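Have a look at the structure below, then the notes.
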Amino acid sequence: YHSSAQLKTTDIPDQIYQNYLIFSFVRDPLTRIRSSFNEATGGSNSNQLFSSHLKGESKTSRNIHYQSQSYQILASQSQSGHPIHIDFIGHVEDLDTDWNRLQYANTPDAIHLSSTERLKLIPNKTTYLQLQQQNNKKNKNEEEEEDDDGG
């Protein structure tokens, strides 16, 4: 269910964009377009219908849910008409990893920092995954030590 009352980026004062870390999550474009087509056609497998959908010839292809996510992000403007800078773009397919990476910029110590400073706190995916492996190894070792002490 989608409400007709929507908050638009132009409804938000510029100061918000200057003082907060702005992030978005995007979905794989091919998966998204296929999903939008299936939703619009009730799961039809017609190649001709899909082709007209991709070309923007169908009514549903003009719906915001079927437009390019990069266009929507790049076309976003603040109240004064300035482009909105997205600090972090995560991927739905890696939601757990990207959301957890984003949390490095959301600690109580980081909240008072500028968005630029907070962005520097977010590890890249490789570093994050290495940190996770180290933490998992450490936790496993601690559990083994507890088992040795308890038994």
- Taking the condition surrounded by fewer than 14 Cβ atoms within 10 Å (Cβ to Cβ) and free of Cβ contacts under 8 Å to residues at least 12 places away in the same chain, does H112 pass? yes
- Message: With the structure loaded, tell me whether K120 is over 26 Å from Q72 (Cα atoms), open to solvent by 50 Å² or more (accessible area, probe 1.4 Å), at pLDDT 85 or above and over 15 Å from the mean Cα position of the chain (by Cα) or whether it fails that test.
- Response: no
- Note on the structure: The correct count of residues that are exposed (fewer than 13 other Cβ atoms within 10 Å of the Cβ) and under 15 Å from I111 (Cβ atoms) in region 17-29 is 1
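The values are calculated or read from the model by the stated rules, or taken from the named source; none is laboratory data. For clarity, every value in this text was computed on a predicted model and none was experimentally measured. Note: ideal-geometry Cβ built from the backbone for every residue, glycine included; neighbour counts use all protein chains shown. Keep in mind that these areas ignore ligands, DNA and RNA; they rest on the heavy atoms of the full protein, side chains included. Shrake-Rupley method; radii C 1.70, N 1.55, O 1.52, S 1.80 Å.
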